[in-house]
2 protein chains.
Amino acid sequence: MAPATIKWSGGIDGWAEIIDQTLLPEEYRIAQIRNIKSMWQAIKTLQVRGAPAIGIAAAYGAVLGLREPAGEAGPEQIKNQLKKSCDYLRTPRPTAVNLFWALARIEKVAAATDAVNAEKFRERILAEAQAICAEDKATCRAIGRQGADLIRQDSSILTHCNAGGLATADYGTALAVMFTAQEQHKRFQVYVDETRPLLQGARLTAWELVHAGIDTTVICDNMAGLLMRQGKIDLVITGADRIAANGDTANKIGTYPLAVLAQAHNIPFYIAAPSSTFDLSLPDGDKIPIEERAKEEIIKPWGKFIAPENVKVYNPAFDITPHQYISAIITERGVIDRPDTQTIRQWFDGGK
Amino acid sequence: MAPATIKWSGGIDGWAEIIDQTLLPEEYRIAQIRNIKSMWQAIKTLQVRGAPAIGIAAAYGAVLGLREPAGEAGPEQIKNQLKKSCDYLRTPRPTAVNLFWALARIEKVAAATDAVNAEKFRERILAEAQAICAEDKATCRAIGRQGADLIRQDSSILTHCNAGGLATADYGTALAVMFTAQEQHKRFQVYVDETRPLLQGARLTAWELVHAGIDTTVICDNMAGLLMRQGKIDLVITGADRIAANGDTANKIGTYPLAVLAQAHNIPFYIAAPSSTFDLSLPDGDKIPIEERAKEEIIKPWGKFIAPENVKVYNPAFDITPHQYISAIITERGVIDRPDTQTIRQWFDGGK
């Protein structure tokens with residue numbers, strides 16, 4: 001992943017640059033995001049998506065939001081403006097916790113920083129956003145190292161949606177494990193669920209894997225059951241958008257069926273995610289809010305209706321996989337086997 | 001279903017008319033099929049599809065195939081021509097047994113019919129094709145009556161692909177159960193899997209149900225797991241393309257995951273199919289051939305690539321649901337509970 005999914009360009013009066021993921025794989029285009037409203041839109045419309053990446057995007061959005069108070073704004077006004085920006089940036093997507101996590105980090109730094117000098121305050125916020133981005137890169141590399149042993153020579157892996165470089169600063173979470181295994185000269189193949197409705201698997205994951213020279217096969221989401229029954233899948237690895245204290249995991253719609261199928265076929269099912277994806281304030285997955293998106297995403301995918309225009313549509317963007325179905329969670333600080341309330345608490349308490 | 005999915009128009013020099021299902025729901029167009037090659041194409045390209053409907057289509061195709069021997073063909077030539085036609089019509093799609101079943105019926109009648117008078121022979125073959133079509137209508141109504149009790153007041157049903165009027169002469173198999181329950185003034189709702197890659201659920205089933213005034217919601221195939229976990233599904237009903245002697249059932253790709261999920265959520269899973277769908281020559285589902293279709297169906301769905309053009313694709317059109325996952329099979333002659341080799345043999349031996 002040479003080009004960055006998201007990066008800051010210039011100093012405090014600079015802008016964010018993102019790969020416009022709605023156009024891939026047909027078109028590769030960098031979008032310049034120059035104000036907070038455009039960043040909100042970019043997150044909402046999935047120009048930038050993936051739990052870690054939207055955390056970074058929100059942090060840069062907060063920097064952009066500080067550009068607006070006119071001329072001689074006082075410290076209070078500047079801090080108010082930051083709070084308003086953060087509140088606004090929390091609204092486009094409800095499920096991934098990384099968005100809230102990154103904005104909480106920004107707000108914590110803001111609270112601890114003097115705003116008498118507006119320029120210095122903005123520099124400090126930008127520095128924190130840059131740190132979130134840089135740490136994400138390091139985190140993804142570490143996830144790759146932690147998980148790579150799970151891929152054996154000639155493994156056949158199934159993944160869903162995109163938990164790759166495009167979902168993070170770069171390198172990815174689930175795909176980081178694969179990229180690292182490839183660097184270790186392991187031979188393996190990957191089946192990629194296309195991931196309806198927005199096809200992040202076919203459009204983004206297949207694009208990343210093919211570019212990396214990994215043996216990649218695209219399937220429809222409903223084909224994974226047959227593949228497992230045919231013995232064609234050795235392990236499943238996906239990313240996560242939010243993990244509750246007991247290990248229940250929200251991820252892209254269609255993850256839960258894969259976990260149930262994997263268990264029915266005695267296939268290990270792994271989640272790869274940075275520790276910032278854990279939301280220990282929620283005891284279990286039932287409290288994770290599930291985003292519902294527009295009906296047109298399903299029944300008018302390319303400007304043409306594929307169902308009667310007046311039919312009802314249900315379009316949840318995520319589902320919850322209960323921890324009982326998860327063999328292990330691969331984080332940047334180690335692998336949590338058989339995640340549950342106890343193993344996760346121990347793992348966090350262990351300061352690992 | 002006022003307009004016929006497939007019907008014969010005119011006498012022995014007539015033609016078959018089908019609703020071109022590749023154009024729905026955007027366009028409703030009747031295609032006239034005037035020679036055997038066009039019928040082969042119509043079956044291959046899914047202009048006509050659904051296990052019972054392609055049985056009827058093949059029978060009419062055999063009639064069309066008899067038009068070709070020139071002028072004064074002798075009885076042997078005519079019978080050879082019929083055999084050639086039937087062999088040819090067995091080739092476009094391998095999985096649904098109804099195609100083979102209908103052609104076997106045609107060949108049996110041909111064997112028992114004198115071909116000295118070519119006109120009379122052709123009339124006899126057409127009459128048999130017409131009988132197959134008429135019987136299918138009666139069979140579908142009977143399946144509806146047999147299964148309607150499984151739908152209770154306020155039931156919420158999940159179905160996959162299209163097992164409706166468009167998959168049969170009319171009225172359908174899985175949908176027949178719903179249409180009959182509606183005639184019984186039951187109130188219920190139906191969730192319809194869109195059914196990638198060719199979207200028969202969104203395009204065809206939703207179209208039929210909305211036209212019938214049934215409360216219908218389209219979802220992506222990967223959403224069924226979440227719905228079940230949310231308690232939104234009371235029962236699943238699908239059609240079948242071939243049922244082995246032990247009850248293992250081939251049906252549209254994505255059926256098997258639904259059956260596994262239904263069992264994990266204690267939701268009954270029903271198959272609705274005419275008895276002609278059983279293939280007692282196969283002890284179990286492992287021997288059912290699974291059709292693989294072109295990669296473009298998945299990665300170039302509307303003339304636009306949704307994945308890297310050079311990626312590998314696996315596109316099986318069917319999967320096998322082991323009988324352990326099937327609560328019952330609804331046929332025109334009764335419901336087979338807990339289907340297995342024994343219950344199915346008893347049911348057939350019982351001459352029911």
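The values are calculated or read from the model by the stated rules, or taken from the named source; none is laboratory data. In this text the structure is predicted, and so the values were computed from the model without any measurement. Neighbour counts are summed over all protein chains in view; Cβ atoms, including those assigned to glycine, are modelled from backbone coordinates with ideal geometry. When the accessible area is computed, the model is the full protein with side chains, heavy atoms only, and any ligands, DNA or RNA have been set aside. Shrake-Rupley method; radii C 1.70, N 1.55, O 1.52, S 1.80 Å.
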| Taking both sides together, what accessible area is buried at the A/B interface, probe 1.4 Å, expressed in Å² and rounded to the nearest 100? | 4700 Å²
| note | Interface call, the range A:299-322: threshold 40 Å², probe 1.4 Å, accessible heavy-atom surface of protein chains, chain by itself vs complex, result A:TRP302, A:LYS304, A:ILE306, A:PRO308, A:VAL311, A:LYS312, A:TYR314
| note | Heavy-atom accessible area of A:ASP114, protein chains in place, probe 1.4 angstrom, given in Å² to nearest 10, is 100 Å²
| said: Past the 18 angstrom mark, what percentage of all C-alpha to C-alpha distances in the range B:199-330 do you count? | reply: 62 percent
| said: Report the rotationally averaged projected area of the range A:197-248 based on its alpha-carbon convex hull, in square nanometres. | reply: 5.1 nm²
| remark: Binned at 5 Å starting from 0, the alpha-carbon pair-distance distribution of the range B:15-162 in whole percents comes out as 2, 9, 18, 19, 17, 13, 9, 6, 4, 2, 1, 1, 0
| message | Number of Lys pairs in the range A:291-352 with C-alpha atoms less than 22 angstrom apart, excluding same-chain neighbours closer than eight positions? | response | 4
| task | Work out which residues of the range B:189-222 lose at minimum 50 square angstrom of accessible surface when the other protein chains are put back, relative to the chain isolated, with a 1.4 angstrom probe, and list them by number. | result | B:ARG196, B:VAL210, B:VAL218, B:ASN222
| Shortest first and in nm to one decimal, what separations exist between A:LEU280 and its copies in the other chains, measuring from label points 7 Å along the Cα-to-beta-carbon line? | 6.5
| Pairs of alpha carbons in the range B:269-312 whose separation is greater than 14 Å (percent) | 67 percent
| query | With each run of n ≥ 4 DSSP H residues scored as -39500 (n - 2.57), what mean residue ellipticity at 222 nm is computed for the protein assembly as shown after dividing by its residue count and rounding to the nearest 500 deg cm²/dmol? | reply | -11500 deg cm²/dmol
| message | I'd like to check one number: the per residue accessible area of chain B, probe 1.4 Å, reported in Å² as a whole number. | response | 37 Å²
| remark: Probe 1.4 Å, all chains present, heavy atoms only: A:HIS211 accessible area in Å², nearest 10, is 130 Å²
| said: Checking the cross-link filter: which aspartates and glutamates have an alpha carbon closer than 15 Å to that of B:LYS83, excluding same-chain neighbours under 8 positions apart? | reply: B:GLU68, B:GLU107, B:ASP114
| query | Carbon and sulfur together cover what percent of the accessible area of chain B at a 1.4 Å probe radius? | reply | 48 percent
| In whole angstrom, how long is each semi-axis of the equivalent ellipsoid of chain A, when you take the square root of 5 times every eigenvalue of its Cα gyration tensor and sort them from largest down? | 34, 23, 19
| Whether the protein assembly as shown is rounded, prolate or oblate, judged on the alpha carbon gyration tensor where a/c under 1.5 counts as rounded | prolate
| Cα-based shape type of the range B:5-48, given that a ≥ b ≥ c are square roots of the gyration tensor eigenvalues and the cut on a/c is 1.5 | oblate
| Mind checking the angle between helix A:255-264 and chain A's longest principal axis? C-alpha axes, 0 to 90 degrees, to the nearest 10. | 30 degrees
| task | Quick one: angle between helix A:118-147 and the longest Cα principal axis of chain A, in degrees between 0 and 90, rounded to 10, please. | result | 10 degrees
| query | Roughly what percent of Cα-Cα pairs across the range A:87-167 reach past 19 Å? | reply | 57 percent
| Between helix B:51-65 and chain B: long-axis angle, C-alpha atoms, 0 to 90°, nearest 10 | 10 degrees
